1. Just the residues that are away from chain B (no Cβ under 11 Å) and open to solvent by 60 Å² or more (accessible area, probe 1.4 Å), please, taken from the stretch A:160-175.
2. So A:Gly212 ticks every box in (1) more than 11 Å from chain B (Cβ to nearest Cβ); (2) open to solvent by 10 Å² or more (accessible area, probe 1.4 Å); (3) in a helix (DSSP H, G or I) but one. Which box is left unticked?
3. Quick check on A:Trp62: is it of a type in the set (A, V, I, L, M, F, W, C) and within 11 Å of chain B (Cβ to nearest Cβ)?
4. Determine which member of the set B:Leu251, B:Leu236, B:Leu210, B:Leu225 is under 21 Å from B:Ser269 (Cα atoms) and assigned by TED's automatic domain parsing to the domain that holds B:Leu104.
5. Please go through (1) open to solvent by less than 70 Å² (accessible area, probe 1.4 Å); (2) more than 30 Å from A:Leu36 (Cα to Cα) for B:Glu205 and return the number of the only condition it doesn't satisfy.
6. Run down B:Ser277, B:Ser269 and say which single residue is open to solvent by 30 Å² or more (accessible area, probe 1.4 Å) and closer than 21 Å to A:Leu204 by Cβ.
7. Please go through the stretch B:87-98 and give me each residue that is buried (at least 22 other Cβ atoms within 10 Å of the Cβ) and either among the β-branched types (Val, Ile, Thr) or facing chain A (nearest Cβ under 7 Å) (or both), ordered by number.
8. Of all residues in the stretch A:26-42 being touching a strand residue (DSSP E or B) at 6+ places or on another chain (Cβ under 8 Å) and of a type in the set (Phe, Trp, Tyr), which is modelled with the lowest pLDDT?
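The values are calculated or read from the model by the stated rules, or taken from the named source; none is laboratory data. Not measured: the values here are computed from a predicted model. Every residue, glycine among them, receives a Cβ derived from its backbone with ideal geometry; neighbour counts consider all protein chains shown. Each accessible area value is taken on the protein alone, full model and side chains, heavy atoms only, with ligands, DNA and RNA left out. Shrake-Rupley method; radii C 1.70, N 1.55, O 1.52, S 1.80 Å.
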Amino acid sequence: MNRLRAPHLLALVFGIAFLYLPILVLVLYSFNASRLVTVWGGFSTRWYAALLQNQALLDAAWLSLKVALVSASLATILGLLSALALARSGRFAGRTLFAGMIAAPLVMPEVITGLALLLLFVGMDAERGFWTVTIAHVTLTACFATIVIQSRLVMLDRSLEEAAQDLGATPLRVFFAITLPMIAPAILAGWLLAFTLSLDDLVLASFTSGPGSTTLPMRIYSSVRLGVTPEINAASTLLITLVATVVVLASLLIKRDALART
Amino acid sequence: MATGTPLPGRGWPAPRWLVVALPYAWLLAFFLLPFLIVLRIALSDTARALPPYAPHWTGWGEAWNFLQALDLESFATLLGDSLYLDAYLSSLRIAATATLIALLIAFPLAYAMASAPRRWQPALLILVILPFWTSFLIRVYAWMAILRPEGVLDALLRSLGLIDQPLALMNTETAVLIGMVYSYLPFMVLPIYTSLEKLDRSLLEAAADLGATPFRRFVSIVIPLARPGIYAGCFLVFVPAIGEFVIPDLLGGPETLMIGKVLWTEFFSNRDWPLASAVAILLLLILAVPLLAYQRFARKEAA
């Protein structure tokens, strides 16, 4: 069974093609000189130039980037703490509720989470904008970060930590010298996941943002509803390239790190 | 491991309980509390005001007034108007269909991945995961360009001479199904791959030596061993698909009725917050069914 047989190859080719062809078409038409989406008018980068003139889109991209950076960092800290709480703190009061609240946002429809958070912010009389969107994103993405970090923590060989402890290292020292470096790839992966989820989110942001704080997905959504435009194709291509580069680089880093450890 | 030695308190600068308390407090404040508010507002009167609901929550001292003011009007509307029931039912039907199609596409893919040479597998895994990292909204948008009238698919099929009329797939339930299967496919492939990857090949060889046909080997060895992955994949596709908003809104047009879209419209267009909240509460109750069923399965599997 070590050689690839024809039906398997067919399944692989069909599956991968299904996953990638739509994205490929989107990227291809971002270089189309014609405004019509089905007519190929020759190669052009005019839509990328047009992007640079679109101040509303640039502002939205900048806001999304800020929200994603801040919310991913906060979510990773919360995720690390939650993972430690779940994997290392043994039993504590209310552990079941805690584990439930960590898992819930993963299956909760975003429209419900968004509605719930908005009602909270309205009840608190909070001014809606950067911070309300950021808080919403932290709440959603911290759960994903927790799961990534926790799965690494429970697989960890405890003997190194115990050895360090036996040699007299303080728990803080053990954590920073042994535990943290060993789970660093998972922390990075958790941060990346939180970052891309935040950058991508439309529904939570639509509920929790206020006037004047339109994120990039909100901007894309409102122009996409009016129809397909090559300019959005260009913006999407840039976004896809950015995320794919970061993810591939990170997975190479993690792989190298894993190889270095074996 | 979960019950291993806890983090010792000695020398820990912040008290150890802070590790638990900080995320706990965050989730209570920004996850649990908001849901209690949704429940409260679902039981309020609709008011044409800002915020558009009444009465206000004015403090714990008014617990009795609070109970008296509870109002089931929104739930009565929800159950009385067939629009909402239809939306719930068609959400369930569309999500179930999408789950089934995703399973049919994902299983051969996952099986082929698991049977591929070992050294290919990490690369194949990255290929399947990568689209999941790219923006959900952008992937749905990509299908708009393909499915729209005179779009890429029409142009392709026409140039191949397969059709002479536009397919008119955009703004139909078929478009929603395509969008859902496409967006959620990695969620189905990954758990099935994980369970198939652990499959012991020698079992298949033994069965073949004993004269089992390929079909028989598939049904009595591969399927049972892949069951945890299949269940997990179906759960991960079915549940988010029910409450999906972006896909039916962008690909389904006004004809496709799904409950996530109804909630959005009630909230943003009709500004009926109590009704939107009631829609959310009922949706949560419906989602609890597959959730509990899956939990029961997982517990049985673990035992």
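1. Of everything in the stretch A:160-175, those that are away from chain B (no Cβ under 11 Å) and open to solvent by 60 Å² or more (accessible area, probe 1.4 Å) turn out to be A:Leu160, A:Asp166, A:Leu167.
2. (3)
3. no
4. The unique qualifying residue is B:Leu251.
5. Against the list (1) open to solvent by less than 70 Å² (accessible area, probe 1.4 Å); (2) more than 30 Å from A:Leu36 (Cα to Cα), B:Glu205 comes up short only on (1).
6. Matching residue, one of B:Ser277, B:Ser269: B:Ser269.
7. Within the stretch B:87-98, B:Ile94 is the sole residue that qualifies.
8. Ranking the qualifying residues of the stretch A:26-42, first place goes to A:Trp40.
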